[in-house]
Amino acid sequence: MSQTEHDIYWMQYAMQLACRAEEAGEVPVGAVLVLNNEVIGEGWNLSICQHDPCAHAEIMAIRQAGRKIGNYRLLGATLYVTLEPCVMCAGAMIHSRIERLVYGASDLKTGAAGSVFDVLSDPRHNHVVSVTGGVEAEACSRQLSDFFRRRRAEKKAAKLQPKV
C-alpha cells in the first residue's frame, strides 16, 4: 500500500469515529492515532457530553494512546483527524511529539495547521509536526455540513411546534 492509500484508509476510519460523536449529539469529528500501522488511540468529540472544553477528538485519541503505550511522547505516530485541529490540539500534538498530522477538512475559522494559524510548522517550537491536509476533504466536509444542516432543520422545526 502506498502512503496515500494508507492515509485514505485511516481517514475513513476517523470518519467512522466521527459518527460516534454525532450519535452522542456532538460535532462529528473523529481522530485515530496510528503507530507502525496499528491503532494506539482513537477519539471523537465529547466536549458537550463530558462538560469538558478539552474533550476534542484529538485530545481523546492522544490521551488513550499515552495510556496504551505508557508514555506521553508518541514518537513516530501519525494522527488522522477529520477536521483541521485547533490551537489547543496542535499544542498537544507538539508536546506529545506526534510525527505527522493528516487531516481532512480545513477549518477556516480556527484551524491551526495552516488555514488560520500555522502552529505546527512554527520553527520556534522544540518539535515540528509534518502536515498533510485535504485527505478525503470533500467527504469530511460533507459529514460536517450535513450535521449542521440537520441541526438547523431540527431547531427550525422545534420553533414551529405549538407551545402547550
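The values are calculated or read from the model by the stated rules, or taken from the named source; none is laboratory data. Since we're looking at a predicted model, the values are computed, not measured. Backbone-built Cβ (ideal geometry, glycine too); neighbour counts: all protein chains shown. Areas reflect the complete protein model, heavy atoms only, side chains present, ligands, DNA and RNA absent. Shrake-Rupley method; radii C 1.70, N 1.55, O 1.52, S 1.80 Å.
What the table shows:
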read-out: Residue list for the range 16-34, filter: more than 24 Å from Arg97 (Cα to Cα), free of Cβ contacts under 8 Å to residues at least 60 places away in the same chain and open to solvent by less than 10 Å² (accessible area, probe 1.4 Å); value: Ala21, Glu26
read-out: Of residues in the range 105-137 being among the hydroxyl-bearing types (Ser, Thr, Tyr) and not in a loop (DSSP other than H, G, I, E, B), the one surrounded by the most Cβ atoms within 10 Å (Cβ to Cβ); value: Thr132
read-out: Qualifying residues in the range 35-52 (those that are under 17 Å from Ala77 (Cβ atoms) and among the hydrophobic types (A, V, I, L, M, F, W, C)) - the one surrounded by the fewest Cβ atoms within 10 Å (Cβ to Cβ); value: Val39
read-out: Set Val34, Val27, Val102: member being among the β-branched types (Val, Ile, Thr), closer than 15 Å to Ala14 by Cα, modelled with pLDDT of 95 or more and assigned to a loop (DSSP other than H, G, I, E, B); value: Val27
read-out: Test: residue in the range 63-86 that is among the β-branched types (Val, Ile, Thr), in a helix (DSSP H, G or I), open to solvent by less than 80 Å² (accessible area, probe 1.4 Å) and touching a residue at least 12 places away in the same chain (Cβ under 8 Å); value: yes
read-out: Selection within the range 87-99 - in a loop (DSSP other than H, G, I, E, B) and surrounded by fewer than 16 Cβ atoms within 10 Å (Cβ to Cβ); value: none
read-out: Any chance Ala55 is open to solvent by less than 60 Å² (accessible area, probe 1.4 Å), free of Cβ contacts under 8 Å to residues at least 60 places away in the same chain and closer than 26 Å to Asn36 by Cα; value: yes
